[in-house]
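Trainee: Structure in C-alpha cells, see below.
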Amino acid sequence: MHDWLYRWRPAVAPRTHLFLAALGWSLVGLMLLGRGLTALLAWEGHRLLPFLAVLAGLAKARWVLARSARRIAARIVQFGSPHCIGAVYSWQSWLLVAAMIGLGRLLRLSPLPRIVVGTLFTAVGTGLLAASVVLWRQWRQIS
C-alpha cells in the first residue's frame, strides 16, 4: 500500500515548492493588504493609521516573518529531490495556516470595529508581502 501511495503522490522539485511558497505568501499578503487598506481608507478618521499599519507590517516582516521564510526556504532546499507538493510546509506550519485562516474569518465576522480589523489586516498583509521577497530570492537562485 505504501509503495502505491509513494508512486502516485504529486511530487515536485524544490524550485516548484519555493515558487508555491513565495506565490502563496505574496497572494495572501496582497489580499489582506487590499482588504485592510480598503477598510482603513473608507474610515473618515485619522489618515496616518494606514501608514502606521504598513510600518508595523514592515517591522513584523523584518524581525519575525523573514526568519520564518528563511527557515521554510532552507527546509525546501534540503529536499534535494522531488517531494510531495504538500511538503511545501511542514505539518505544523499547515496547522498554523489553518488557524490563521480561522482567526481571519473570526475577525471579519466579529463585532470589532472595521478600523481595528483593517489595521490588523493591513499590518499582516504588508508583513507577508514584504517577507515573501526572501522566498522569491531563493526561488530565483535555485536551479
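Trainee: Send over a whole-number figure in Å² for the accessible area per residue of the chain, probe 1.4 Å.
Mentor: Solvent-accessible surface per residue comes out at 64 Å².
Trainee: Along the charge dipole of the stretch 64-143, which of PHE79, SER90, ALA66 sits closest to the positive end, that is, farthest toward it, with unit charges on the beta carbon of Lys, Arg, Asp and Glu (+1, +1, -1, -1)?
Mentor: Looking along the dipole axis, the top candidate is ALA66.
Trainee: Ranked from highest to lowest mean number of other Cβ atoms within 10 Å per residue, what is the order of the peptides 51-62, 101-112, 120-131?
Mentor: In decreasing order of mean packing, 51-62, 101-112, 120-131 become 120-131, 51-62, 101-112.
Trainee: Multiply the residue gap between LEU23 and LEU96 by 0.36 nm, knock off their C-alpha separation, and tell me the result in nm, one decimal place.
Mentor: Taking 0.36 nm per residue and subtracting the Cα distance, the gain is 24.5 nm.
Trainee: Relative to the first principal axis of the alpha-carbon coordinates of the chain, what is the inclination of helix 49-60, with its axis defined by its Cα atoms, in degrees from 0 to 90 and to the nearest 10?
Mentor: The angle comes out at about 30 degrees.
Trainee: Could you give the nm distance between label points at LEU107 and THR38, where each point is 7 Å from its Cα heading toward the beta carbon?
Mentor: 1.5
Trainee: Compute the helix-to-body angle for 114-141: its Cα long axis versus the longest principal axis of the chain, expressed 0 to 90° and rounded to tens.
Mentor: The angle comes out near 30 degrees.
Trainee: In debye, nearest 20: dipole of the chain around its Cα centre with unit charges on the Cβ of K, R (+) and D, E (-)?
Mentor: Here the chain has a charge dipole of around 240 debye.
Trainee: R0 = 35 Å: FRET efficiency of TRP63 with ARG9, Cβ-based, nearest 0.05?
Mentor: 0.45
Trainee: So, with a 1.4 angstrom probe, what is the percent of accessible area on the chain that is carbon and sulfur?
Mentor: Looking at the chain in its full context, I get 70 percent from C and S.
Trainee: If you don't mind, another one. With an 8 Å Cα cut-off and a minimum separation of 6 or more residues, compute the relative contact order for the chain in percent.
Mentor: Relative contact order of the chain: 54 percent.
Trainee: Scan (1) 14.1, 40; (2) 15.3, 48; (3) 17.5, 61 for the value of Rg and Dmax of the Cα atoms in Å calculated from this model and give just the label.
Mentor: Answer label, from the structure shown: (3).
The values are calculated or read from the model by the stated rules, or taken from the named source; none is laboratory data. Model, not experiment: these values are computed from the prediction. Glycine gets a Cβ as well: all are built from the backbone with ideal geometry, and neighbour counts include every protein chain shown. All accessible areas refer to the heavy atoms of the entire protein, side chains included, with ligands and DNA or RNA removed. Shrake-Rupley method; radii C 1.70, N 1.55, O 1.52, S 1.80 Å.
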